[in-house]
Amino acid sequence: GAVVSQHPSRVICKSGTSVKIECRSLDFQATTMFWYRQFPKQSLMLMATSNEGSKATYEQGVEKDKFLINHASLTLSTLTVTSAHPEDSSFYICSAREVGSYEQYFGPGTRLTVT
Amino acid sequence: GESVGLHLPTLSVQEGDNSIINCAYSNSASDYFIWYKQESGKGPQFIIDIRSNMDKRQGQRVTVLLNKTVKHLSLQIAATQPGDSAVYFCAEAGLGSGTYKYIFGTGTRLKVLA
């Protein structure tokens, strides 16, 4: 149990375009989902926390107008990178927390390359 | 031996030896700690966790030790195997801004030598 999926697993987009990444909890309901970014040879950095039905909470230094997060249901959160630039190229990982639990279950990640 | 790369320290061990990966955490209020294994191009994989009311927890071939006095966490892997080669991250968790968030450490690359 506790499986989290992400789609797509890899995406290449042109500079200036927007790209959407989906995060789904497959076999449990997640009131809270988290989005992380990981650059090569670095650790996971929390970008934002999203709660179902409310606005996301962004970490300091993360532009909320650039990284749009929507958590419309208990099993789906989306991250949209707007007006992407090459410096946005990174590995984006989501996690989901089950109702009543502190544990986070991680997705397999999405590799974004902006050309 | 252990070396520090540009961003990621590396620990090299011989196959069959025991590995010890260390982590210093920052927040004395953290009450939950987790170790993850991450292979290239994949998401983090849960290994073992420990709560702050414990100082040791054992799993299959892995042991986590917690020293709250010096804010130190370690992961011991017994009889290290080639499949253990990966990057290992510790994470600390506690209430931050009203949300139970995970803060990840810098990570250690484990290389298992045949």
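Overview of values
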| item | result |
| --- | --- |
| Relative contact order %, chain B, counting alpha carbon pairs below 8 Å whose residues are six or more apart | 35 percent |
| Difference of contour (0.36 nm per residue) and Cα-Cα distance, B:SER52 to B:HIS72 | 6.1 nm |
| Chain B, Rg to Rh (Cα coordinates; Rh as Kirkwood inverse mean 1/r) | 0.97 |
| Rule-of-thumb Rg ratio for segment A:67-107 [Cα; 2.2 N^0.38 Å; N residues] | 1.41 |
| Largest-first ellipsoid semi-axes for the protein assembly as shown, taking √(5λ) over the Cα gyration tensor eigenvalues, angstrom | 30, 21, 16 |
| Average beta carbon contacts from partner chains per residue of B:38-46, 10 Å cutoff | 6 |
| A:CYS13-B:GLU39 FRET efficiency (beta carbon distance; Förster radius 35 Å; 0.05 resolution) | 0.85 |
| Average partner coverage of A:95-105, which counts Cβ from other chains inside 10 Å | 3 |
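Throughout, read-outs are computed from the coordinates displayed, never taken from laboratory work. All values reported here derive from a predicted model rather than from experimental measurement. Note: ideal-geometry Cβ built from the backbone for every residue, glycine included; neighbour counts use all protein chains shown.
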